[in-house]
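Participant: Take a look at this one; I'll ask things after.
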Amino acid sequence: MQYIWNISDSAPKETIEEFPELDPIVVQLLYNRGLKTQEKIDEFFNSDYSQDIHDPYLFKGMSQAVARLYQAIKNRELVTVYGDYDADGVCAATILNIVLTKLGAKVNAYLPHREREGYGLNSKAVEEIAGTGAKVIVTCDCGISNIEEIALARAKGIDVIITDHHSLPERLPEAYAIIHPQVPGETYPFKFLAGGGVAFKLAQALLLSPECVMTMSEKEGQEKWLLDLVSISTVADIVPLLGENRTLLKYGLIVLKKTRNKGLQQMIDQAGLDPDKMDPRAISFSIAPRINAAGRMDHANLAYYLLREEDEVKAAQLARDLNQSNIDRQNLTETVIKEAQALAIDFTDSLLAFYKPSWPAGLTGLVASRLMKIYNRPCLILTDNNGNIVASGRSLKGFNVTKVLQESKDLLIKFGGHPQACGFSVTKENMPIIINKLKEAARAYLNQDDLRPTMDADLEIDFSSISWELVDALEQFKPFGMANEEPVFVSRGLKVAGARKVGSDGKHWKLDLNKDSKTFGAIAFNLAGTDLKLDDIIDIAYNLSINEWNGNREIQIKIKDIHPVRNP
């Protein structure tokens with residue numbers, strides 16, 4: 001499949017000239033990431049925990065939240081930390097539970113069952129929590145849309161403190177305090193924290209409070225050793241890796257490499273990862289999927305218990321159980337994807353809706369994401385659950401699927417999400433209505449060009465621009481992730497000087513590319529379907545990397561897409 005390349009607009013000449021000490025290519029990459037001032041560039045390249053982590057008390061509701069929690073600690077009131085069932089929510093709940101326990105609080109945790117209870121607070125859970133005698137609920141990675149449930153908690157004499165980062169409803173719940181970076185009038189300067197990041201800010205504020213009896217050294221140590229969980233949340237929930245998130249991730253990866261968390265140690269071991277090489281990719285493809293597998297296959301409590309386990313033998317067994325859940329999740333996901341692709345639907349529609357009553361609700365979001373990448377269309381996966389329909393959707397840029405749900409909320413039992421990811425429940429009677437509304441909105445927002453596969457590229461460069469100086473400069477852009485993707489370059493008119501298919505199944509090209517007396521080796525994974533032969537002229541979109549083998553280092557091109565130009 002060939003992509004349309006969307007090459008970013010060139011930085012203004014005056015921007016390039018403003019930073020003469022930097023390679024113009026580097027300035028363009030910074031410009032593409034919205035980093036246009038010396039202050040922002042310094043923060044990006046030289047993140048400093050002491051300077052670039054904001055004061056948690058800049059949140060409007062922070063002082064009120066901290067005071068209420070210390071009151072609960074003093075009066076021995078039970079506090080319930082209410083999390084979500086994904087990696088972000090589980091890590092957020094773990095962060096707050098650890099800190100509140102260290103501060104002497106009576107605290108327990110409640111994570112909802114994905115299929116039986118669904119996302120966010122629910123009335124049954126509130127009733128159950130009230131029955132335990134809890135006087136405070138702290139939500140993690142949820143709560144901002146739960147107006148009725150929070151009203152019920154208040155009626156039961158429970159104060160609710162919300163920590164969340166999801167899309168805001170038209171009306172906010174009447175909670176005791178709200179810690180959310182995007183509520184109207186919020187004074188906190190960074191708006192894109194993950195759920196775990198928001199929970200960490202509350203934990204940080206609790207440790208900074210004059211009421212905290214720990215020594216300064218103990219406070220700093222306690223805060224630092226939470227950063228491994230913050231790094232997992234930040235990567236797993238795909239928030240922008242700029243600003244404070246970049247600093248949290250940078251230092252979080254340092255902590256993750258030497259984590260003291262017995263559960264994380266065992267999970268890393270089960271995944272076959274090298275602790276010294278922990279990076280966002282390891283989190284994205286190994287750690288986060290395992291944490292998510294608990295809630296997808298049964299209950300998120302398995303992951304939560306693992307992260308809170310302090311006995312090494314018990315942690316090892318829980319990690320093995322979690323690893324098996326992840327294997328089962330992988331196998332079942334492939335089955336559901338095949339079944340979805342076999343359904344009789346119009347694959348040219350602007351939004352694809354797949355429904356089968358027997359599909360597990362825990363996999364709907366994962367399958368929606370995979371199918372969206374396959375068909376380059378917003379995808380909705382629906383299944384039966386407790387007499388109603390539950391669904392997850394994933395969308396393309398330019399189509400805010402959660403906004404459409406907000407406009408149709410009267411049809412729904414519950415909903416929530418981000419612009420490009422949503423979840424909701426609906427009655428069977430209203431299912432076709434909401435599907436039609438989503439399809440109509442997709443047709444209105446997305447034209448045929450939007451539905452063609454595209455690839456964002458940072459800039460077009462001459463082959464002669466590739467150098468060790470450039471590759472070394474790119475290393476400073478790590479860690480890569482959302483809003484700071486690995487730079488993609490485009491070069492044109494390259495001659496194929498060598499070509500052979502590699503891999504056990506011959507799906508990859510190993511190429512030598514030449515232009516203007518410069519030759520570089522290149523690897524093109526899963527692109528062997530593109531017909532190439534010696535002396536062909538091609539354009540490519542690619543990343544630059546370092547290939548190390550037998551003590552040698554060489555610049556290597558990782559091709560993402562090939563456009564044949566001319567065959568001799």
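Values in this text are rule-based calculations from the coordinates and carry no lab data. All values derive from a computational prediction rather than experimental measurement. Methodologically, a virtual Cβ is constructed for each residue, glycine included, from the backbone with ideal geometry; neighbour enumeration extends over all protein chains shown.
Participant: As an exercise, use a Förster radius of 30 Å and the Cβ-Cβ distance of LYS558 and LYS397 to find the FRET efficiency, rounded to the nearest 0.05.
Facilitator: E(calc), rounded to 0.05, equals 0.80.
Participant: For the range 191-197, just list the computed ³J(HN,Hα) in residue order, Karplus coefficients 6.51, -1.76 and 1.60, θ = phi - 60°, integers in Hz, with x standing in for Gly and Pro.
Facilitator: Once rounded to whole Hz, the list reads 9, 10, 5, 6, x, x, x.
Participant: What's the local net charge at ASP450, with K and R +1, D and E -1, over the other residues with C-beta under 12 Å away?
Facilitator: Net charge around ASP450: +3.
Participant: Where does each of CYS379, CYS212 land when they are ranked from fewest to most other beta-carbon atoms within 10 angstrom?
Facilitator: Ascending Cβ contact count within 10 Å gives the list CYS212, CYS379.
Participant: In addition: Got the relative contact order for the range 446-568 handy, in percent, Cα pairs under 8 Å and 6 or more residues apart?
Facilitator: Relative contact order for the range 446-568 comes out at 23 percent.
Participant: Moving on. About the Cα centre of the range 461-566, what is the dipole size in debye to 20, counting +1 per Lys and Arg Cβ and -1 per Asp and Glu Cβ, all else neutral?
Facilitator: 340 debye
Participant: How big is the dipole moment of the chain about its Cα centre under a simple scheme where the beta carbon of each Lys and Arg is +1, that of each Asp and Glu is -1, and everything else is neutral? Debye, nearest 20, please.
Facilitator: My answer is approximately 1220 debye.
Participant: Okay, moving on. Contact order normalised by length for the chain, with contacts defined as Cα pairs under 8 Å and 6 or more residues apart; what percent is it?
Facilitator: Relative contact order comes out at 12 percent.
Participant: Moving on to the next point. Using only Cα atoms, locate the centre of the range 487-564 and the centre of the range 358-416, then give the distance between them in Å, rounded to an integer.
Facilitator: 38 Å
Participant: Given a Förster distance of 45 Å, report the FRET efficiency between TYR375 and VAL213 from their Cβ-Cβ distance, rounded to the nearest 0.05.
Facilitator: Efficiency, from the Cβ-Cβ distance: 0.20.
Participant: Could you pull out the longest piece of the chain with no exposed loop GluC sites (Glu not before Pro) in it, calling a site exposed if DSSP puts it outside H, G, I, E, B and it has at most 10 other Cβ atoms within 10 Å?
Facilitator: 22-169
Participant: Please compute the modelled spin-label separation between PHE525 and ASP311, points set 7 Å along Cα→Cβ, answer in nm with one decimal.
Facilitator: So the two model labels end up 4.0 nm from each other.
Participant: Also, quick follow-up: May I ask for the angle, rounded to the nearest 10°, between helix 312-341 and the longest principal axis of the chain, with both axes built from Cα atoms and the value confined to 0 to 90°?
Facilitator: 60 degrees
Participant: May I ask you to compute the full-extension gain from SER517 to LYS257, defined as 0.36 nm times their residue separation minus their alpha-carbon distance, rounded to one decimal in nm?
Facilitator: Going from the current span to full extension adds 89.3 nm.
Participant: Can you list residues whose amide H is under 5 Å from GLU486's amide H, if they're 5+ apart or on another chain and H is modeled 1.01 Å from N?
Facilitator: Under 5 Å from the amide H of GLU486 lie the amide H atoms of GLY481, each far enough along the sequence or on another chain.
Participant: OK, next. Multiply the residue gap between GLU127 and ASP462 by 0.36 nm, knock off their C-alpha separation, and tell me the result in nm, one decimal place.
Facilitator: Extending this stretch completely gives an extra 114.1 nm.
Participant: Oh, and also: Residue by residue, what Karplus-based ³J(HN,Hα) values in Hz, rounded to whole numbers, does the range 207-216 have, using 6.51, -1.76 and 1.60 with θ = phi - 60° and x for Gly and Pro?
Facilitator: Values per residue, Gly and Pro as x: 6, 7, 4, x, 6, 6, 8, 5, 6, 4 Hz.
Participant: Right, another one. Through the Karplus equation 6.51 cos²θ - 1.76 cosθ + 1.60, θ set to phi - 60°, convert the phi angles of the range 57-72 into ³J(HN,Hα) values in whole Hz; use x for Gly and Pro.
Facilitator: Taking θ as phi minus 60°, the curve returns 6, 6, 5, 4, x, 5, 4, 5, 5, 5, 4, 5, 5, 5, 4, 5 Hz for the range 57-72.
Participant: Indicate, rounded to the nearest 5 percent, the antiparallel portion of the DSSP beta bridges found entirely in the chain.
Facilitator: Antiparallel bridges make up about 65 percent of those DSSP assigns within the chain.
Participant: By how many degrees, between 0 and 90 and to the nearest 10, does the Cα long axis of helix 431-445 differ from the longest principal axis of the chain?
Facilitator: Compared with the principal axis, the helix lies near 40 degrees.
Participant: In what order do HIS180, HIS54 fall by count of nearby beta-carbon atoms within 10 Å, going from fewest to most?
Facilitator: By the 10 Å Cβ count, ascending, the order reads HIS54, HIS180.
Participant: Tell me which residues come under 5 Å, amide H to amide H, from ILE179 once H is placed; ignore anything under 5 positions away on its chain.
Facilitator: Counting only residues 5 or more places away or on other chains, the set is ILE162, THR163, ASP164.
Participant: Suppose R0 equals 25 Å; then what is the FRET efficiency for THR348 and ILE433 from their Cβ-Cβ distance, rounded to the nearest 0.05?
Facilitator: Efficiency, from the Cβ-Cβ distance: 0.65.
Participant: Using the number of other C-beta atoms within 10 angstrom as an exposure proxy, rank ASP449, ASP86, ASP462, ASP279 with the fewest first.
Facilitator: ASP449, ASP462, ASP279, ASP86
Participant: Right, something else. Under the rule of at least 5 residues apart or a separate chain, name every residue whose amide H is placed under 5 Å from the amide H of LYS560.
Facilitator: ALA541, TYR542, ASN543
Participant: Now for a different question. Looking at the range 439-527, what % of its DSSP beta bridges pair antiparallel, to the nearest 5?
Facilitator: 90 percent
Participant: Something else: May I ask for the angle, rounded to the nearest 10°, between helix 227-236 and the longest principal axis of the chain, with both axes built from Cα atoms and the value confined to 0 to 90°?
Facilitator: 60 degrees
Participant: Quick one: of LYS60/LYS201; LYS262/LYS314; LYS510/LYS558; LYS510/LYS533; LYS40/LYS397; LYS191/LYS478, which pairs are farther than 19 Å apart, Cα to Cα?
Facilitator: LYS40/LYS397; LYS191/LYS478
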